[in-house]
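Data block below; observations after.
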Amino acid sequence: MTNSPAPVTLGADQARDRLHELTVIDVRTPAEFASGHLPGALNIPLDHIRRALPEIRHAAARGDVLVVCASGARSENACKLLAGQGITTATLAGGTGAWSAEGHDLHTPVACDTRAGWSMERQVRFTAGSLVLLGVVLGLFVHPGFLAISAGVAGGLVFSALTNTCGMAAVLGKLPHNRPRATDLNATLDALRSS
């Protein structure tokens, strides 16, 4: 990577070849992380990145940091946030989806209490579809004003696509199954400090 704080993008094969020398930070929710992650990755959800700045800065001073998510969008946002703090990082092009598609293994925890679940994208699709369906059903059978629910979700999806952000994902990320346990996050931060 360069000395410039601008984010760098690595392909899956490039990342695999350098995995032994990279500190990998996965910014997905704990449930997504538990469903499969790059070998050796540490889970710091995107909304906890600011809290982990000192530890990430420490890791970046020792070597290159690769930030990963499901598709690359959240990791790119994390890289931009870190670049704004003077921390140079790289993102994985296409995220864990591209990693897996290239035939590289994803590690999953063996413990029973993994809280594995749906990816954030799947949670958003399910929630948006359910709200649209609810709006249509209520609009047809209760009062036409309920169609505004469907229209609101449609508008939110258009806005999300145009801005490459997702308010629904931010809200869903706050649900208990998507939140890191304090002990998990503290253990991750300790691992970043000590390695």
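The values are calculated or read from the model by the stated rules, or taken from the named source; none is laboratory data. Note that this is a predicted model, so its numbers are computed, not measured. Every residue, glycine among them, receives a Cβ derived from its backbone with ideal geometry; neighbour counts consider all protein chains shown. When the accessible area is computed, the model is the full protein with side chains, heavy atoms only, and any ligands, DNA or RNA have been set aside. Shrake-Rupley method; radii C 1.70, N 1.55, O 1.52, S 1.80 Å.
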Subject >> Where a residue in the stretch 46-64 is under 15 Å from Glu76 (Cα atoms) and of a type in the set (A, V, I, L, M) and its partner, wherever it lies, is in a helix (DSSP H, G or I) and open to solvent by 30 Å² or more (accessible area, probe 1.4 Å), with Cβ under 7 Å and at least six apart >> reply: Leu46/Arg74; Leu46/Asn77; Ile49/Leu81
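Using the structure shown, decide if Thr96 is of a type outside the set (A, V, I, L, M), surrounded by 15 or more Cβ atoms within 10 Å (Cβ to Cβ) and more than 29 Å from Pro176 (Cα to Cα). Explain how you work it out, then say what you get.
Details: of a type outside the set (A, V, I, L, M): yes; surrounded by 15 or more Cβ atoms within 10 Å (Cβ to Cβ): yes; more than 29 Å from Pro176 (Cα to Cα): no.
No: the conditions fail for Thr96.
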**OP:** Scan Thr127, Thr163, Thr108 and give me the residue that is surrounded by 15 or more Cβ atoms within 10 Å (Cβ to Cβ), modelled with pLDDT of 80 or more and among the hydroxyl-bearing types (Ser, Thr, Tyr).
**Re:** Thr127
Original post:
Among the listed residues Arg51, Arg28, which satisfies the condition of being farther than 25 Å from Arg122 by Cα, within 16 Å of the chain's Cα centre (by Cα), assigned to a loop (DSSP other than H, G, I, E, B) and at pLDDT below 95?
Top reply: Arg51
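Any residue at all in the stretch 89-103 that's assigned to a strand (DSSP E or B), β-branched (Val, Ile, Thr) and within 19 Å of Ala41 (Cβ to Cβ)?
yes
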**OP:** Scan Val158, Val132, Val142 and give me the residue that is in contact with a Ser or Thr (Cβ under 7 Å, 6 or more places away or on another chain) and either at pLDDT 95 or above or open to solvent by 80 Å² or more (accessible area, probe 1.4 Å) (or both).
**Re:** Val132
**OP:** Within the stretch 124-143, count every residue that is touching a residue at least 24 places away in the same chain (Cβ under 8 Å) and not β-branched (Val, Ile, Thr).
**Re:** 1
